[in-house]
Amino acid sequence: MESKAKVQYVRISPRKVKIVLDLIRNKPVAEAAAILAHTPKAASDPVGKLLKSAAANAEHNFSMDPEKLYVSECFVCPGPTLKRMMPRAQGRGDRILKRTSHITLTVKEKEDK
């Protein structure tokens with residue numbers, strides 16, 4: 001049994017989000033939340049909210065034990081890119097790409113051995 005949570009159109013580059021997701025992959029939910037709380041990256045806030053949402057979904061919708069949950073899968077996909085112009089010298093304009101991300105996080109219950 002697994003519980004998923006997804007957030008779309010986050011205004012952070014997928015490359016920056018991937019760095020944060022690599023820190024919490026395959027960690028228990030409590031430890032992952034502590035890591036995100038002490039990581040000074042812009043992506044840790046939306047990923048932290050997503051982790052809390054996935055854990056709450058698991059507990060409420062699937063009656064899983066919150067103590068046994070761990071981050072089984074987390075990945076980021078690029079969303080639509082906003083194209084903007086920045087004025088440059090001699091009347092020219094350069095394109096600025098403002099990237100967005102779709103973040104997916106899955107939590108599972110650890111099985112007793």
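The values are calculated or read from the model by the stated rules, or taken from the named source; none is laboratory data. This one's a predicted model, so the numbers in the text were calculated from it and none came from an experiment. Positions of Cβ are generated from backbone atoms using ideal geometry, with glycine treated the same way; all protein chains shown enter the neighbour counts.
Details
- Residue under evaluation Pro46, criteria (1) assigned to a helix (DSSP H, G or I); (2) within 23 Å of Glu111 (Cβ to Cβ), criterion not met: (2)
- Taking the conditions (1) touching a residue at least 24 places away in the same chain (Cβ under 8 Å); (2) under 19 Å from the mean Cα position of the chain (by Cα) in turn, Thr39 satisfies each one other than (1).
- Pick from the stretch 52-94, criterion among the polar types (S, T, N, Q) and either at pLDDT below 95 or not in a loop (DSSP other than H, G, I, E, B) (or both), ranking: surrounded by the fewest Cβ atoms within 10 Å (Cβ to Cβ): Gln90
- Filter result for Ala5 (in a helix (DSSP H, G or I) and either in contact with a strand residue (DSSP E or B) (Cβ under 6 Å, 6 or more places away or on another chain) or modelled with pLDDT under 95 (or both)): no
- Among the residues making up the stretch 34-43, those that are part of a helix (DSSP H, G or I) and surrounded by 15 or more Cβ atoms within 10 Å (Cβ to Cβ) are Ile35, Leu36.
- Residues of the stretch 19-33 classified as under 20 Å from Ala55 (Cα atoms) and assigned to a helix (DSSP H, G or I), total: 10
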